[in-house]
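Only the coordinates and a few stated rules stand behind these numbers; no lab work does. None of the values given here were measured: they were computed from a predicted structure. Cβ placement follows ideal geometry from the backbone for every residue including glycine, while neighbour counts extend to all protein chains displayed.
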Amino acid sequence: MSNITQIKRFLIEEFLPDVTPEQLADDHDLLSDGVIDSLGVLKLIAWVEDHFSLPVDDTDLDPNNFRSVAAIDAFITERRAAASATVGG
Amino acid sequence: MTTHATGTATTAAATGTAAAGAATATTAADGDAATAAAEAALAPLPLPDAFTAHARTRPNAPALLWHERTVSYGELAALADAERERLAALDLAPGEPVGLLAVKSPEAVALVLACLMERRPFLLPSPQLAPALLAALFAQAGARRLLTPRGQDTPALPALAHAAPRPTLAAGTSFMLTTSGSTDLPKIVPLAQGAVDRFTAWAHDTFDLGPGRVVANYAPLNFDLALLDVWATLAAGGTCLLIDPAHALNARHLLAELTHHRPHVMQAVPLAWALLLQAAGTTALDSVEHAAFTGDAIDARTLAALPALLPAARLYNIYGCTETNDSFLHRLDRLDAAAALPVPIGRPLPGVRTLIATPDGTPLDGPGSGELYVSTPFQAAGYLDRSRDTGRFTTQPEGAGAGRRWFRTGDLVTRDEHGRVHLTGRSDFQVKVRGVAVNTAEIERVLLTHPEVLEAAVAAASDPLTGKRLHAAVQRTPGSTLNTLTLREHLARNLPRAAVPEKLAIHDEPLPKTATGKIDRKAVLPTP
């Protein structure tokens with residue numbers, strides 16, 4: 001299962017129970033229309049840390065990293081690459 | 001009409017607010033009498049006298065239509081005379097009010113007419129209120145004796161622990177209506193017969209309610225809308241089609257009554273028009289010449305469909321409060337009935353003075369926004385419980401014309417460069433979410449501009465974290481696949497972020513309603 005599918009499934013379960021994955025566009029701005037508020041961002045970060053076993057630093061807490069499904073996916077991909085680079089280096 | 005209103009205002013100026021309620025009202029009534037003498041030809045006949053004259057000169061003319069029954073003016077006068085005897089048998093003190101617990105019917109109309117003919121003040125609350133609330137209201141009005149229309153059961157009301165002191169009613173008090181009281185005990189609004197007569201004269205001038213005309217009455221009798229539909233029609237000699245409140249939410253019944261009896265005039269809350277459209281299909285109500293909606297904001301879909309339902313009608317948005325009666329009228333251009341929402345409330349009625357106060361309390365000149373104050377020829381002098389006048393009936397703001405008695409509506413409005421007034425929200429619907437002031441009525445209006453939204457309600461719940469948490473509920477159109485995501489996008493496009501409700505609920509069923517047919521906002525909140 002791609003990151004995108006998992007991210008959408010989490011977002012729908014948690015915040016958008018009446019929406020299907022097809023209706024949630026990858027670039028939908030989740031912050032501007034209040035799908036995710038500040039508490040929601042914290043919930044989302046906890047899920048990313050837990051689900052992908054990725055530590056999220058305070059410096060990563062830029063809301064723009066969590067603005068859309070695509071942004072979350074990009075953030076996860078980037079943090080994974082950075083983590084394996086550190087391990088590999 | 002303008003001179004009439006000026007006369008009243010001058011008297012109010014001389015009296016000032018410090019005077020006791022009864023004194024103010026008496027002096028105002030004297031002022032009215034003086035003005036009436038000066039304009040004898042224009043002075044409207046008191047409603048009971050006008051009704052009696054119709055019954056005498058045209059006894060066979062239809063006064064009421066009720067299901068399959070037609071009640072003529074003569075028959076209605078005979079019913080009213082019988083009720084006058086019942087009233088006389090109560091042995092009330094002069095000026096002592098009577099309590100009416102009246103569900104709409106020809107018999108209920110006769111009972112009210114009897115009170116009007118006897119110049120007997122009467123409290124007419126919603127019969128749907130809880131018994132304890134009704135008992136408290138009757139006690140507050142000083143109504144020791146209750147009457148119900150013939151054929152209607154008399155409910156048992158709980159006795160009050162403490163007898164309330166008898167209020168002093170101003171001379172000439174007739175109807176005592178109640179505010180909708182969404183939060184606490186409804187306020188009692190005593191109306192002088194003169195104020196009612198000035199209103200019925202305006203209504204007849206504007207919509208022609210006289211002989212040969214049929215006027216549909218959708219609202220319950222206790223609702224201020226009935227002053228136009230029922231009472232102005234009976235004063236003018238027309239025929240009132242009474243819609244049975246027991247079937248008022250049955251769209252097919254409503255449509256059948258209207259297609260059968262072919263009214264010329266109909267005023268109703270947007271809910272009624274939306275119901276009609278549900279049942280109408282391609283049926284058109286081509287008899288209707290004047291169609292008014294009032295009492296609530298109309299949704300885009302209902303508004304857009306009205307011209308087809310009412311091909312021969314002029315469409316109006318009427319704005320008024322129980323305390324002042326109607327004060328604004330906007331006639332819609334049929335061609336752009338679907339254009340901008342919200343519909344403007346338009347311009348003040350003849351004799352109505354309006355004032356828009358900016359947040360610092362100064363009156364606004366020209367275009368701009370602020371809170372609406374009105375002063376109408378039809379208004380109450382104050383609430384029955386004068387302690388509740390504070391902040392509502394006022395001579396403020398400063399510079400508004402010395403001594404004129406204004407009613408502070410609580411409605412936030414914008415006046416455009418054409419002098420038309422638009423509602424933008426309620427001052428008491430202002431809440432703070434994360435420190436940002438948002439207006440829940442404005443959010444409702446934005447929700448209603450979505451083409452797939454039929455009804456909307458927004459309410460705020462206290463939240464220790466954010467101050468207030470907004471909950472919204474909508475009813476979507478039949479077959480709509482509207483979801484919270486698309487509705488959120490719509491809100492975010494039109495509102496600041498803090499005003500986008502945290503909880504959105506989308507329903508296929510109509511939202512819960514209050515006894516007066518307005519959406520019950522409290523029902524949107526989660527049960528504690």
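Data for the structure
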quantity: Relative compactness, chain A, computed as alpha-carbon Rg over 2.2 N^0.38 Å; calculated: 1.07
quantity: Extreme residue, positive dipole direction of the range B:200-336, given options B:Leu255, B:Ala216, B:Thr302 (C-beta unit charges); calculated: B:Leu255
quantity: Rounded to 5, percent antiparallel among DSSP beta bridges of the protein assembly as shown; calculated: 65 percent
quantity: Shielding by other protein chains, A:7-17, mean Cβ within 10 Å; calculated: 1
quantity: Kirkwood Rh, angstrom, the range B:58-113 [1 / mean 1/r, Cα pairs]; calculated: 12.3 Å
quantity: Magnitude of the charge dipole, the protein assembly as shown, Cβ model with Lys/Arg +1 and Asp/Glu -1, debye to 20; calculated: 1440 debye
quantity: Helix-only [θ]222 nm of chain B, DSSP H runs n ≥ 4, -39500 (n - 2.57) each, per residue, nearest 500; calculated: -9000 deg cm²/dmol
quantity: For the range B:56-74 versus the range B:226-250, the gap between their alpha-carbon centres in whole angstrom; calculated: 13 Å
quantity: For chain A: relative contact order, % (alpha-carbon pairs under 8 angstrom, 6 or more apart); calculated: 33 percent
quantity: D_trans [Stokes-Einstein, Kirkwood Rh over alpha-carbon pairs] for the range B:194-299, 20 °C, 1.002 mPa s, µm² s⁻¹; calculated: 155 µm²/s
quantity: Cβ neighbours within 10 Å from other chains - mean over A:28-36; calculated: 5
quantity: Given charges at Cβ of Lys, Arg, Asp, Glu: the protein assembly as shown dipole, positive-most of B:Ala456, B:Leu487, B:Tyr373; calculated: B:Tyr373
quantity: Ratio Rg/Rh, restricted to chain B and using Cα atoms, in which Rh is the Kirkwood radius; calculated: 0.95
quantity: Helix A:69-88 axis, angle to chain A major axis (alpha carbon atoms, nearest 10°); calculated: 10 degrees
quantity: Positive-end residue of B:Pro131, B:Ala110, B:Trp66, charge dipole of chain B with Cβ unit charges; calculated: B:Pro131
quantity: Chain B - share of DSSP beta bridges that are antiparallel (%, nearest 5); calculated: 65 percent
quantity: Pairwise FRET efficiency - B:Asp49 versus B:Ala88, Cβ, R0 = 22 Å, nearest 0.05; calculated: 0.70
quantity: Computed over the range B:100-179: relative contact order in percent, which uses C-alpha pairs under 8 Å that are six or more apart; calculated: 43 percent
quantity: Magnitude of the charge dipole, chain B, Cβ model with Lys/Arg +1 and Asp/Glu -1, debye to 20; calculated: 700 debye
quantity: C-alpha long axis of helix A:3-15 to longest principal axis of chain A, angle in °; calculated: 50 degrees
quantity: Beta bridges by DSSP in the range B:279-361, antiparallel share as percent, to the nearest 5; calculated: 65 percent
quantity: Fewest-first ranking of B:Asp208, B:Asp299, using other Cβ atoms within 10 Å as the exposure measure; calculated: B:Asp208, B:Asp299
quantity: Kirkwood Rh and Cα Rg combined as Rg/Rh, the protein assembly as shown; calculated: 1.05
quantity: Gain upon complete extension [B:Thr283, B:Arg144; 0.36 nm per residue less C-alpha separation]; calculated: 45.1 nm
quantity: Separation of the B:Arg262 and B:Asp416 label points, Cα + 7 Å toward Cβ, nm; calculated: 3.7 nm
quantity: Shape call, the range B:78-161: gyration tensor on alpha carbons, a/c limit 1.5; calculated: oblate
quantity: Rg over Rh [alpha-carbon atoms, Kirkwood Rh] for the range B:222-272; calculated: 0.95
quantity: Ascending count of other beta-carbon atoms within 10 Å, so fewest first, for B:Phe138, B:Phe378; calculated: B:Phe138, B:Phe378
quantity: Cross-link table A:Lys43/B:Lys513; B:Lys187/B:Lys513; A:Lys8/B:Lys513, entries beyond 28 Å C-alpha to C-alpha; calculated: A:Lys43/B:Lys513; A:Lys8/B:Lys513
quantity: Residues B:Phe199, B:Phe407, B:Phe328 arranged by fewest to most Cβ contacts within 10 Å; calculated: B:Phe407, B:Phe328, B:Phe199
quantity: Principal-axis tilt of helix A:38-51 within chain A, Cα atoms, nearest 10 degrees; calculated: 50 degrees
quantity: Descending semi-axes in whole angstrom, ellipsoid equivalent of the range B:121-271, from the Cα gyration tensor; calculated: 30, 20, 13
quantity: Estimated dipole of the range B:461-528 in Debye, rounded to 20 [Cβ of Lys and Arg +1, of Asp and Glu -1, Cα centre]; calculated: 220 debye
